[in-house]
Amino acid sequence: MSEENVIQLDLGTTAQKTTAAEKLPVVLLALDQGKYDMPRSLDELRALADANGMQAVAEIVQKRQTPEAATLLGEGKVAEARLVCQNVRAAAAIFDGELTGSQIRNLSAALQVEVLDRTLLILEIFRARATTNEGKLQTELATLRYQLPRLQGLGESMSRQGGGGGGGGGARRGAGETKLELDRRHLHHRIEHLEEKLKELEKRRGETRRARQKNNVPVVALVGYTNVGKSSLLNALCGEQIFEADMLFATLDPTARKLTLPSGLQIILVDTVGFVSRLPHHLVEAFRSTLEEAAFADVIIKVADAGDEQAAEQLAVTDEVLSGLDCGDIPQLVVYNKCDTANLSSFDPDILLTSAKTGRGLPELLAKLDDVLAHRVRTLELVLPYDKLALADILRSRGSVAAEEYREDGVFYRATVKIDDLHRFEPFLV
């Protein structure tokens with residue numbers, strides 16, 4: 001099996017043929033066992049499909065406590081779904097949950113269309129959106145981990161075709177079973193190779209973090225549910241144009257930008273990959289190194305959508321992921337973004353409300369960051385003799401100057417400096 005074939009195995013090839021002008025029609029399938037909010041989950045699945053160049057044209061939902069082993073849905077509901085797929089000329093069907101390899105094959109055969117599950121759809125989006133080398137490696141690793149347990153069903157089918165002996169010492173292994181072992185071994189080798197490469201990249205990331213810590217540059221991480229406006233918020237605060245769009249997982253790879261707070265303190269603002277409800281565990285594990293930008297941050301800004309009725313649930317998803325990264329001791333701010341689309345009367349006056357679109361609340365957010373990081377800086381007044389003006393470069397590059405006045409004995413400054421630089425200026429304090 002070639003490396004390319006391993007990566008593409010079980011992936012939705014039909015879903016990749018869409019163009020910007022035309023979205024592929026798909027049917028959504030779901031089994032409602034009362035475990036979660038089904039309408040909300042289907043809305044999210046529809047948004048995920050849209051982000052992958054698909055348009056959900058129909059939904060098939062079955063309320064059932066005990067799933068059918070082969071297809072999850074009952075025989076009658078599968079027959080209904082097949083007719084719907086034919087009537088709407090669906091290119092694929094997407095199941096709102098995770099399927100085994102045999103279930104994907106059984107449903108695909110019954111519906112006569114390609115079948116994807118929720119995890120596979122997210123992997124498709126990740127694979128299309130990853131731009132950095134690390135993001136691509138992480139996506140491939142998550143894909144291979146998804147594929148590995150799904151090889152067995154395919155192997156069993158091929159083994160039956162290959163036949164076998166009557167048992168005992170004369171029995172021989174089927175051709176499919178042999179191919180299964182080869183495929184599984186290839187996947188294991190590729191996974192080990194990717195894990196080693198990601199460890200090397202993580203080592204480099206650690207060196208970058210240590211350099212930031214050495215320079216005492218605070219890191220503030222934007223985290224939260226996908227499509228709550230984190231990238232828009234970063235653009236509004238930093239003036240840097242990174243890709244933003246009203247869709248799930250518009251940006252995948254983390255982005256870091258410099259930002260100067262009103263106090264003059266310079267920070268690094270990091271935009272991380274967005275979360276989504278019921279994000280599969282192996283996806284979280286694959287992107288753990290990216291998400292660890294939050295774990296090493298000095299402040300975490302948890303962003304929610306002020307106009308979304310499920311904002312509290314979004315924050316709960318964020319807290320769940322952060323708890324797995326041991327971020328409990330890091331100061332956290334909760335920001336409700338997109339307040340231009342919300343009814344503000346329903347919010348407590350002390351809650352941070354922002355709008356990346358209109359700029360509302362951004363000064364308050366920056367002031368709050370200054371408060372949280374106040375222990376990092378000190379405002380002072382000093383007079384630098386004319387033969388010590390080289391120190392003024394440190395005031396400007398590592399702090400901020402609020403006032404400057406030339407006097408007979410030197411230059412007077414009212415400035416904000418980092419605590420680490422305070423010892424440089426103590427002899428010249430007024």
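The values are calculated or read from the model by the stated rules, or taken from the named source; none is laboratory data. Predicted, not measured: the structure shown is a model, and the values here were computed from it. Ideal geometry is used to build each Cβ from the backbone, glycine not excepted, and the neighbour counts take in all protein chains shown. Note: accessible area is taken over every heavy atom of the protein model, side chains too, but ligands, DNA and RNA are not part of it. Shrake-Rupley method; radii C 1.70, N 1.55, O 1.52, S 1.80 Å.
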Check on Glu408, open to solvent by 40 Å² or more (accessible area, probe 1.4 Å), modelled with pLDDT of 85 or more, more than 20 Å from Thr260 (Cβ to Cβ) and out of contact with any Cys (no Cβ under 7 Å at 6 or more places or on another chain): yes
Restricting attention to region 331-345, the residues that are buried (at least 17 other Cβ atoms within 10 Å of the Cβ) and closer than 24 Å to Asp370 by Cα number exactly 6
Flag for Glu320 being open to solvent by 40 Å² or more (accessible area, probe 1.4 Å), touching a residue at least 40 places away in the same chain (Cβ under 8 Å) and outside any loop (DSSP other than H, G, I, E, B): no
Taking region 254-276 as the search range and keeping residues that are in contact with a Lys or Arg (Cβ under 8 Å, 6 or more places away or on another chain) and part of a loop (DSSP other than H, G, I, E, B), which one is modelled with the highest pLDDT? Leu265
Mind checking which residues of region 107-122 are buried (at least 20 other Cβ atoms within 10 Å of the Cβ) and out of contact with any strand residue (DSSP E or B) (no Cβ under 9 Å at 6 or more places or on another chain)? Thr119, Ile122
Restricting region 50-89 to residues that are under 29 Å from the mean Cα position of the chain (by Cα) and of a type in the set (Gly, Ala, Ser), which is nearest to Ile125 (Cα to Cα)? Ala51
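Is it the case that Arg378 is under 47 Å from the mean Cα position of the chain (by Cα), among the charged types (D, E, K, R), closer than 25 Å to Val299 by Cα and outside any loop (DSSP other than H, G, I, E, B)? Talk me through it step by step, then tell me what you get.
Values: under 47 Å from the mean Cα position of the chain (by Cα): yes; among the charged types (D, E, K, R): yes; closer than 25 Å to Val299 by Cα: yes; outside any loop (DSSP other than H, G, I, E, B): yes.
So Arg378 fits the description; yes.
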Out of Leu395, Leu325, report the one residue that is modelled with pLDDT under 90, part of a loop (DSSP other than H, G, I, E, B), farther than 25 Å from Ala236 by Cα and among the aliphatic types (A, V, I, L, M). Leu325
Of the residues in region 346-368 that are over 18 Å from Leu261 (Cβ atoms) and either touching a Pro at 6+ places or on another chain (Cβ under 6 Å) or among the charged types (D, E, K, R) (or both), the one that is most open to solvent (accessible area, probe 1.4 Å) is Lys357
